[in-house]
Structures are given as C-alpha cells and as structure tokens.
Amino acid sequence: MIYRLLYTLLLCRFDAERVHRLTARGLIAVNRIAPLRRLLRALLVPRDPSLRVQALGLDFPSPLGLAAGFDKEAAGFDAYATLGFGHVEIGTVTAEGQPGNAGTRVFRLTRERALVNRMGFPNEGAAAAESRLRARDRSAAVVGVNVGKTRLAEDADADYQDSVRRLAPQADYLVLNVSSPNTPGLRDMQAVDRLAALIAAVRASLVDTPRQVPLLIKIAPDLSDEDIDAIADLALRERLDGLIATNTTIDRGALRDPAAPDVPAEGGISGAPLKPRSLAVLRRLHERTDGRLVLISVGGIETADDAWERIRAGATLVQAYTGFVYGGPLWPRRINRGLARRVREAGLAGIAEAIGADAAPQPAPAA
Ligand SMILES: Cc1cc2nc3c(=O)[nH]c(=O)nc-3n(C[C@H](O)[C@H](O)[C@H](O)COP(=O)(O)O)c2cc1C
C-alpha cells in the first residue's frame with residue numbers, strides 16, 4: 001500500500017533504470033548495516049519448512065527466486081535474499097564488460113503491469129562478477145549465475161566458455177542465456193544443433209572445475225511449440241539439469257493495447273502480458289519431460305496464486321522480476337506467505353508435494 005503510493009506519486013515519474021539503480025543502492029546500503037540486516041532477515045527470510053525445496057543438489061528456503069537482469073553485476077544478491085527471495089540469479093554476465101544499448105532502455109507500461117527493456121546486457125564482465133562472488137558467504141543465499149554472449153564476440157561458444165570457466169566455481173547453478181531479444185543473433189542459438197554445440201563447448205570448459213555445477217538453459221517464449229519440444233528432448237538427451245522458461249517476449253500482440261503511444265517498437269516485454277504464454281510453455285515442457293528435469297518458471301508472476309499455479313503445473317522453482325518492481329520490497333514476503341497458506345489449505349506437508357500436481361494425467365498404456 002505504502003509502496004504503491006510511493007510508486008504512483010514519485011517513482012513512476014523518473015527514468016525506470018535510474019529508479020532501479022537508486023533503489024538497488026538503497027537496499028544494498030541498508031543490508032550492510034548489521035543490526036538492520038539482522039532485523040530484516042528475522043522478519044522477511046522464509047523459515048517455514050513447508051516452503052523448502054530441494055533441487056539441483058541445493059536447499060532452497062522458498063521456491064521463489066529473483067530472475068536474472070535485476071542484479072546484473074552480482075552487487076546485491078545478499079540484500080535480495082534478505083527480502084525473502086529463496087535464490088537470486090545474477091547476470092546476465094558476459095565474458096567482456098560492455099555498456100549495453102544506448103539511450104532509454106527500460107520502459108514502464110503501468111496500465112499493462114508490464115516492462116519493456118532493450119538493455120543489451122550492460123555489465124562489467126565476468127572478471128568483475130567473479131571477484132564479487134568470490135567474497136560471498138555461500139550459506140547466505142543460493143546464487144545462480146546467468147551468462148550470455150558478449151555483443152562483439154565473433155566466436156560465441158568461446159565467449160561463453162570464457163565466462164563459464166571464470167564463473168562456474170562461484171556459482172550454485174549456471175544458466176546459459178540464449179533467449180534475450182536484445183543481443184543480435186542470440187536467439188538463433190536456440191536451434192537444436194547450435195544449442196548442442198554450445199552445451200558441448202561449455203561442458204568441455206567445465207572439466208577442470210572441481211565441483212559439478214548444475215547447468216540450465218533459459219529459453220524464449222516466442223519459440224514454436226515444435227521448437228520447445230525439440231529443446232526439451234535435447235535437454236533430456238544432453239542430461240541438462242533444467243530449463244528456465246521464459247525470457248521476455250517480442251510479441252506486441254501479447255499486450256492489451258499494442259498500438260498505445262507509449263509502447264516502444266523494440267525490446268522484450270515482461271510482466272502480466274507474458275503470463276499466459278509463459279504458463280503454456282511450462283505446461284508443454286512438463287508434459288514433454290515428464291518430471292525428469294527441473295523447470296524454473298518465470299514470466300508474469302504477480303501473486304501467490306500465480307506462483308502456486310506454476311508449481312502445480314510442474315515448476316520446481318519460480319522466479320520474477322516485473323512483479324517485484326510493481327510490488328515493492330515486501331512483495332517476496334507476500335508471495336512466500338501466500339504460498340505457505342496454500343500448502344496448508346491443500347493439506348500438504350510441503351510445497352514439493354505440489355510440483356506437477358495439476359499436470360494432465362498421462363494416458364493409460366494400451367492393454
Ligand atoms: C529490465 C529487465 C532486464 C532483464 N535482463 C535480463 C538479463 O540480463 N538476462 C536474462 O536472462 N533475463 C533478463 N530479463 C528477463 C527476466 O529475467 C525474466 O525472464 C522476464 O522479465 C520475465 O519475468 P517477469 O515477467 O517476472 O519480469 C530482464 C527483464 C527485465 C524487465
């Protein structure tokens with residue numbers, strides 16, 4: 001309520017990226033003050049055992065995570081875990097530092113409860129992220145590392161390899177982002193042959209890593225259903241640990257009013273308009289992989305009911321970005337509490353029992 005007022009009266013009047021930077025700095029600064037951090041952790045970090053999820057060989061205090069793009073530089077993951085996120089996916093990090101696209105890069109479509117971004121992976125590069133991650137207390141938060149292609153790199157596989165070599169030892173899990181619409185050609189890497197080559201290259205660069213790091217791929221919502229099936233099959237064949245679905249959509253038809261004057265021509269749409277497609281992709285992946293992969297669902301999650309629906313549709317974990325931007329710092333707590341209530345109401349011992357509970361029953365084998 002207070003955040004909504006603050007948002008309507010103040011925050012939405014300034015450039016979205018600037019507001020993001022300032023609020024992130026504020027949250028990080030607050031989290032550095034030990035007594036405040038302790039207090040916030042006591043109030044906000046989920047401790048309800050019914051929310052605990054074990055997946056990817058990791059222990060998640062809640063299925064709700066902060067999606068990639070919010071903490072691009074690995075500068076604030078502890079602060080976001082303090083707010084109640086059960087994991088934080090940092091990045092997208094590229095091998096070389098780069099400025100990203102010029103000009104305004106994040107647009108709010110408040111009436112649509114959406115954002116449009118054309119950021120193009122601004123970040124300081126893998127070496128800077130590595131040094132920040134190295135200093136972390138591994139027990140404080142589960143941190144996934146999302147890597148993408150440096151815009152000017154000619155050999156994409158070698159570029160991913162550079163990032164992975166540096167960052168895998170610091171990551172609780174690793175994500176190959178091949179689905180951002182804002183790096184030219186990146187989404188072409190979702191073609192199955194290209195993806196298989198990328199996975200092989202990344203695996204080759206991981207052979208000397210002492211710990212086996214879970215490897216996931218993040219996909220776009222704009223793939224055809226056939227392509228989604230092909231990626232699901234590939235993920236099983238290649239023994240990937242999981243898939244993250246989905247990134248932002250370039251489909252302006254997802255908006256209620258695509259012709260509105262504030263809709264930018266370029267960039268990926270996130271938030272409420274993405275909800276139906278993101279859920280449909282999850283359902284398809286779950287049906288195709290039959291519970292054999294960890295699925296992380298992201299796209300348009302705004303309420304505990306949305307998160308619950310994804311889990312029942314087969315998501316082991318869920319993530320959000322835009323819902324958090326519109327919902328404010330207490331949003332993760334609301335989602336966690338809502339999820340815990342739904343677990344209780346369903347008479348389950350824990351949320352893990354709800355994973356895939358709504359999935360279409362498999363046809364009985366022919367007699
Ligand atoms: C401003 C902004 C920047 C983003 N940057 C990244 C990124 O760097 N890497 C990535 O994999 N996804 C990125 N995303 C996509 C989100 O991680 C997420 O997949 C997408 O926004 C859908 O979730 P949502 O509807 O909860 O926002 C970004 C999203 C936004 C809004």
- [ ] Being touching a Lys or Arg at 6+ places or on another chain (Cβ under 8 Å), without any contact (Cβ under 8 Å) to a residue 40 or more places away in the chain and not in a helix (DSSP H, G or I) is the filter here, so list the residues in the stretch 250-287 that pass it.
- [x] Asp251, Pro258
- [ ] Quick one: count up the residues across the stretch 1-30 that are in a loop (DSSP other than H, G, I, E, B) and at pLDDT below 75.
- [x] 2
Task: Checking Tyr321 against (1) over 14 Å from the mean Cα position of the chain (by Cα); (2) within 9 Å of the ligand (Cβ to nearest atom), the condition it does not meet - done: (1)
Task: Set Leu339, Leu348: member being more than 23 Å from Arg111 (Cβ to Cβ), open to solvent by 10 Å² or more (accessible area, probe 1.4 Å), away from the ligand (no atom under 12 Å from the Cβ) and in contact (Cβ under 8 Å) with a residue 40 or more places away in the chain - done: Leu348
TODO: Report the residue count in the stretch 94-109 for those that are open to solvent by 50 Å² or more (accessible area, probe 1.4 Å), hydrophobic (A, V, I, L, M, F, W, C) and more than 14 Å from the ligand (Cβ to nearest atom).
DONE: 1
Task: Subset tally (residues that are assigned to a helix (DSSP H, G or I), more than 11 Å from the ligand (Cβ to nearest atom) and touching a residue at least 60 places away in the same chain (Cβ under 8 Å)) for the stretch 306-318 - done: 1
Task: Selection status of Glu238, without any contact (Cβ under 8 Å) to a residue 60 or more places away in the chain, more than 19 Å from Val294 (Cα to Cα) and either open to solvent by 10 Å² or more (accessible area, probe 1.4 Å) or over 19 Å from the mean Cα position of the chain (by Cα) (or both) - done: no
TODO: Could you tell me whether Ser62 is of a type in the set (S, T, N, Q) and part of a helix (DSSP H, G or I)?
DONE: no
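The values are calculated or read from the model by the stated rules, or taken from the named source; none is laboratory data. Since the model is a prediction, treat every value here as computed from it, not as a measurement. Ideal geometry is used to build each Cβ from the backbone, glycine not excepted, and the neighbour counts take in all protein chains shown. Surface areas here come from the heavy atoms of the whole protein model, side chains and all, with no ligands, DNA or RNA. Shrake-Rupley method; radii C 1.70, N 1.55, O 1.52, S 1.80 Å.
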